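Read through the structure below, which is laid out as structure tokens, and then see the notes.
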Amino acid sequence: FTPLSFFSAACLSIIVIAVAKGFFKCSKKQALTAIFVPVLSISALYVIYMPPYVKDRIVHMFTPELDPKGSGYMLLTIRKLVASSHAFGTVTPTDSGGMALNMTLPNWSTDFLLTYITARFGYIPAALMVTLLLFLIVRMFMLVFKQQNPYGFLISLSVCITIAGQILFYVLSNFGILMPVSFILPLISYGAYGFIINMGLLGLLLSVYRRMNLIPSNAK
């Protein structure tokens, strides 16, 4: 459900921006209405008929204390580790539940790598990593807004939204702000398929940028 929601939000963002920039030869109001009416209608129906376990997860995302041994356990664990972290160094065994960090955080090399780095090495190394990732996001969007060709713009934008969304979602979930789910941190966390896909996306972005000035968008 999480990848599907992420993919849908990315596609919605791209088509809304394309309409706003006038890439479609139609009324912007009519186009936006045609986009948002079915999206909001389907979203409303899903909220009404949402499975009970999904409602519980949403409730526990904001109040994990209601189910500390169930769906709220990992969120509380992450918040405790982050709150107990030092500038440099490892949290005490008491703060990690008396177990090693790799036992406290399941799949730490994939789903909770940033939490692990914060608890194992300190919040300053984790902050430096987040800063580099934010710099990557800013740099990618700078490349996007330099594109003059509409197709190059949309391709670059889709890559940036995909990678930036993964990074932001991963950081927020690993710092205990959002409910943790199975996800990867682009270019850093373990995950062969995810790593290959993200490297391919970055290669596509650089390829589009490299050809930005070769053929003007108004070429006949």
- request: Only Cα pairs under 8 Å and at least 6 apart count here; give the relative contact order of the chain as a rounded whole percent.
  value: 19
- request: Step through the residues of segment 149-155 one at a time and calculate ³J(HN,Hα) from phi using the Karplus curve (6.51 cos²θ - 1.76 cosθ + 1.60, θ = phi - 60°), rounding each to whole Hz and writing x for Gly and Pro.
  value: 7, x, 5, x, 5, 5, 5
- request: Hey, can you find the accessible area per residue of the chain for me, probe 1.4 Å, expressed in square angstrom?
  value: 60
- request: Mind giving me the FRET efficiency for residue 88 and residue 110? R0 is 22 Å, r the Cβ-Cβ distance, nearest 0.05 is fine.
  value: 0.35
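Give the calculated FRET efficiency between residue 128 and residue 192 to the nearest 0.05, with a Förster radius of 35 Å applied to their Cβ-Cβ distance. Let's see the in-between values first.
Numbers: r = 26 Å, r/R0 = 0.73.
FRET efficiency, residue 128 to residue 192: 0.85.
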- prompt: Over what distance in Å are the Cα centres of segment 1-79 and segment 110-132 separated?
  reply: 27
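Which length gain, in nm to one decimal place, applies between residue 13 and residue 61 when the Cα-Cα distance is subtracted from 0.36 nm times their residue separation?
Details: separation 48, 0.36 × 48 = 17.28 nm, distance 2.46 nm.
Net length gain for the segment: 14.8 nm.
Taking only C-alpha pairs under 8 Å that are 6+ residues apart, what is the relative contact order of segment 1-79 in percent? Could the numbers behind the result be given before it?
Numbers: 27 pairs, mean separation 10.1, N = 79.
Dividing the mean separation by the residue count of segment 1-79 yields 13 percent.
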query: Per the Kirkwood treatment, what hydrodynamic radius in Å, one decimal, follows for segment 115-186 from the mean inverse distance over all distinct Cα pairs?
result: 13.4
field: Pair residue 100, residue 141: separation of 7 Å Cα→Cβ label points (nm)
entry: 4.1
query: From the list (i) 19.8; (ii) 18.3; (iii) 17.4, can you say which value of Kirkwood radius over Cα pairs in Å was derived from the structure given?
result: (i)
query: When only C-alpha pairs under 8 Å and at least 6 residues apart count, what is the relative contact order of segment 79-198, in percent?
result: 27
- prompt: From the phi of every residue in segment 160-168, what ³J(HN,Hα) in whole Hz does the Karplus formula 6.51 cos²θ - 1.76 cosθ + 1.60 yield, where θ is phi - 60° and glycine or proline is x?
  reply: 5, 5, 5, 6, 5, x, 4, 5, 5
- prompt: Can you list the residues, at least 5 places off or on another chain, whose amide H is less than 5 Å from the amide H of residue 67, using H built in the peptide plane?
  reply: 72
Among 158, 109, 27, residue whose mean-square fluctuation peaks in a GNM of the chain (springs only between Cα atoms under 10 Å): 27
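Give me the percent of accessible area attributable to carbon and sulfur for the chain, probe 1.4 angstrom.
Details: 9400 of 13200 Å².
Whole-percent figure for carbon plus sulfur exposure: 71.
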message: So for each of 111-117, 160-166, 19-25 I average, over its residues, the number of other beta carbons within 10 Å; can you give me the resulting order with the highest mean first?
response: 111-117, 160-166, 19-25
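So if we plug the beta-carbon distance of residue 42 and residue 211 into 1/(1 + (r/R0)^6) with R0 = 45 Å, what FRET efficiency do we get, rounded to 0.05?
On the way: r = 37 Å, r/R0 = 0.83.
FRET efficiency, residue 42 to residue 211: 0.75.
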- prompt: Of 181, 47, 130, which has the largest mean-square fluctuation in a 10 Å C-alpha GNM of the chain?
  reply: 47
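The values are calculated or read from the model by the stated rules, or taken from the named source; none is laboratory data. Keep in mind the model is a prediction, meaning the values are calculated, not measured. Cβ sites come from the backbone with ideal geometry, for glycine too, and all protein chains shown count toward neighbours. With ligands, DNA and RNA removed, areas are computed over all heavy atoms of the protein, side chains included. Shrake-Rupley method; radii C 1.70, N 1.55, O 1.52, S 1.80 Å.
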